[in-house]
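A quick write-up on the structure given underneath.
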Amino acid sequence: MQIGMTLAKHIYDTQRLHPEATGALTLILNQVSMAAKIVSREVRKAGLVDILGLTGQKNVQGEDVRKLDEFANEIFMAAFSQLGNFCIMASEEREEPVLVSDGRKSGDYTIAFDPLDGSSNIDANVSVGTIFAVHRRVSEGDEAVPEDLLQTGRALAAAGYVLYGSSTMLVMSTGHGTHAFTLDPSVGEFLECHHQITIPKRGKTYSCNEGNYPYWSEGVRHYIAYIKEADPASGRPYSSRYIGSMVADIHRTLLYGGIFMYPADTKDPKKPSGKLRLLYECSPMAFLIEQAGGVASNGTAPILDLQPTQIHERTAFFAGSPENVRELERSIAQYDM
Ligand code: AHM
Ligand code: MG
């Protein structure tokens, strides 16, 4: 009889590729898995218990009701805080980074995460996800500094997401390909379901919030017009698929190919670079996409080469099959530069 490869075994095997590894990254990834199981359990109960809605409410036991994204944030923060070998973390749910200290010299790794991306969808039972990005610390003092978090995606030690969809799936990479694991709820283990995902070179799906069309640049609008043109030879027009939950939209793009886009727009002058955050949304997704053979770009440069200057900074984001994203970049070069 055969049983699937567990996530724990995969992480262990990856660690063995690095004889110098101390096991610290393995511990972090194990904590991600553990926290993901707890969040998954709560997400699954979302329609049953009084966990939806605004903070400040009381549930039937008279306990405070926490919004699910706040709950997820607390769980992941608690899981990472248990690790003495870990130093500083940034969450979409916290304005400032949080230093993790057990009184000794700071550990080797930083983590930036979005505990529950797409959480505005949760009341409609739409898939949501957790995104995480792990870097090796660069400063050498006793205590880690916020700048340790501000590293490019190229320097990532590991990245991944957990998709709380029709099943719970963890997709991750430590730089040795992108691999996916499905949570088997009956045994509480993540089991490998996709070894080394390879994104199709070209896909027939485009994914964006097209309601923002009037606020996009000429290059982006031309690209959209192009993929909607009828051309049976190239399979155009493409299909449109947009869940509005990046983890789910990227997951589909990884498996089926095509392009996911959240361009910069002129809708809100306070957000000239679009909506998505570089450090804990775009950079880890770009890492997974590149590890699967895809391309992730801000329209002119690879997302993984962008140097973050602030923890919550935003960027335009185009990711998916190489041929689709290159076409988009050509349209931007032709009409916007
Ligand atoms: P959030 O971090 O506040 O949940 O926002 C991020 C989400 C992404 O999952 C998704 O791609 C995007 O927002 C959808 O935005 P829009 O509603 O503007 O299309
Ligand atoms: Mg988010």
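Derivation of every value follows stated rules applied to the coordinates shown; laboratory data play no part. Keep in mind it's a predicted model, so treat the numbers as computed, not measured. Note that we place each Cβ from the backbone using ideal geometry, even for glycine, and neighbour counts take in every protein chain shown.
The angle separating the long axis of helix 218-227 from the principal Cα axis of greatest extent in the chain is about 80 degrees. Taking the convex hull of the alpha carbon positions in region 7-194 and averaging its projected area over all directions gives 11.6 nm². Hey, quick one: spin label on residue 195, modelled 7 Å out along Cα-Cβ, who in region 1-41 has an amide N within reach, i.e. under 18 Å? Residues 1-17 fall inside that zone.
By the beta-carbon count within 10 Å of each Cβ, the least crowded to most crowded order of 87, 193, fewest first, is 193, 87. The phi-based Karplus calculation (6.51 cos²θ - 1.76 cosθ + 1.60; θ = phi - 60°) puts the 3J(HN,Hα) values of region 173-188 at 8, 10, x, 10, x, 10, 10, 10, 9, 9, 6, 8, x, 6, 10, x Hz, whole numbers, x for Gly and Pro.
Once every Cα of region 205-335 carries one equal point scatterer and solvent is ignored, give the base-10 log of I(q)/I(0) from the Debye formula at q = 0.15, 0.19, 0.21 Å⁻¹, two decimals. Cα-only, vacuum Debye calculation for region 205-335: -0.65, -1.08, -1.34.
Ranked from largest, the principal axis spans of the Cα set of the chain equal 59, 54, 50 Å. The C-alpha atoms of the chain define a longest principal axis, and helix 246-256 lies at about 60 degrees to it. Rounded to whole numbers, the Karplus 3J(HN,Hα) couplings from phi for region 326-337 are 5, 4, 4, 4, 5, 5, 5, 4, 6, 9, 10, 9 Hz, using 6.51 cos²θ - 1.76 cosθ + 1.60 with θ = phi - 60°, and x at Gly and Pro. The HN-Hα couplings worked out from phi for region 10-25 by the Karplus form 6.51 cos²θ - 1.76 cosθ + 1.60 (θ = phi - 60°) are 4, 5, 4, 4, 5, 4, 5, 6, 10, x, 7, 5, 9, x, 5, 5 Hz, whole numbers, x standing for Gly and Pro. Cross-link partners for residue 201 among the lysines, with Cα-Cα distance under 20 Å and sequence neighbours closer than 8 places in the same chain left out: 228. What do you get for the angle between helix 68-81 and the principal long axis of the chain? Use alpha-carbon atoms, 0 to 90 degrees, nearest ten. For 68-81 against the chain, the angle is about 50 degrees.
Could you put 164, 109 in order, starting from the residue whose Cβ has the fewest other Cβ atoms within 10 Å? Fewest to most other Cβ atoms nearby, the residues stand as 109, 164. In this simple spin-label approximation, residue 326 and residue 268 carry label points 7 Å from Cα along the Cα→Cβ vector, and these lie 3.5 nm apart.
Residues whose amide H lies under 5 Å from that of residue 189, counting only those 5 or more places away or on a different chain, are 184; hydrogens are built 1.01 Å from N in the peptide plane. Highest mobility in the GNM of the chain, judged by mean-square fluctuation with C-alpha springs under 10 Å and restricted to 148, 231, 117, is found for 231. I'd like the FRET efficiency for residue 1 and residue 45, computed as 1/(1 + (r/R0)^6) with the beta carbon distance as r and R0 of 25 Å, rounded to 0.05. The pair residue 1/residue 45 has a calculated efficiency of 0.15. Taking the number of Cβ atoms within 10 Å of each Cβ as an exposure proxy, the fewest-first ranking of 88, 332, 311, 3 is 3, 311, 332, 88.
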